[in-house]
Amino acid sequence: MRGGLDAWGELTEVILNGISLMCIITGVVISLRRAIQERRRNPGAHPMHTYFRKVFGGWLVVALEIQLAADIVGTIVSPTSGHLIELGAIAVIRTFLNYFLSKELKEETEYGKGLLAQKPERSVV
């Protein structure tokens with residue numbers, strides 16, 4: 001019975017890591033497409049990479065959370081002290097990455113709103 005659970009746990013870990021990778025790939029494609037579209041709509045609004053980072057950051061946050069879930073599953077399947085220490089270190093690193101990435105995304109969103117509010121209205125003559 002234990003062998004079957006280990007196999008399912010390992011399969012779940014691989015699937016979660018695959019989903020995380022797909023989130024990153026999808027995020028890059030969608031972010032690049034939207035950044036190009038935004039650049040065409042508002043050519044002088046802000047640098048294209050700023051919009052890309054804002055959109056891709058959301059995808060990256062999701063990918064990090066899924067990778068953490070995969071690590072937790074992997075540790076449940078093989079709970080050695082080495083794996084527990086590794087999981088703890090990974091969890092701390094990913095939590096910090098997630099926190100600061102989320103904070104940066106929020107700041108960029110607020111900064112973008114501030115720029116839009118300051119943008120002078122064009123008068124039609």
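The values are calculated or read from the model by the stated rules, or taken from the named source; none is laboratory data. Predicted model, so just to flag it, every value in this text is computed and none were measured. Neighbour counts are summed over all protein chains in view; Cβ atoms, including those assigned to glycine, are modelled from backbone coordinates with ideal geometry.
Given the residues Ile72, Ile85, Ile93, which is the only one that is within 28 Å of Gly9 (Cβ to Cβ), surrounded by 14 or more Cβ atoms within 10 Å (Cβ to Cβ), hydrophobic (A, V, I, L, M, F, W, C) and modelled with pLDDT of 80 or more?
Just a single option satisfies the conditions, and that option is Ile72.
Would you be able to tell me the number of residues in segment 27-49 that are surrounded by 14 or more Cβ atoms within 10 Å (Cβ to Cβ) and either touching a His at 6+ places or on another chain (Cβ under 6 Å) or not hydroxyl-bearing (Ser, Thr, Tyr) (or both)?
As a first pass, look at segment 27-49 and keep what is surrounded by 14 or more Cβ atoms within 10 Å (Cβ to Cβ): 27-28, 30-32, 34-35, 38-39, 45-46, 48.
After this cut, where a residue has to be either touching a His at 6+ places or on another chain (Cβ under 6 Å) or not hydroxyl-bearing (Ser, Thr, Tyr) (or both) as well, the list is 27-28, 30, 32, 34-35, 38-39, 45-46, 48.
Summing the residues that are surrounded by 14 or more Cβ atoms within 10 Å (Cβ to Cβ) and either touching a His at 6+ places or on another chain (Cβ under 6 Å) or not hydroxyl-bearing (Ser, Thr, Tyr) (or both) in segment 27-49 gives 11.
For segment 40-56, name all the residues that are modelled with pLDDT under 85 and either of a type outside the set (A, V, I, L, M, F, W, C) or farther than 17 Å from Leu105 by Cα (or both).
Correct list: Asn42, Pro43, Gly44, Ala45, His46, Pro47, His49, Thr50, Tyr51, Arg53, Lys54.
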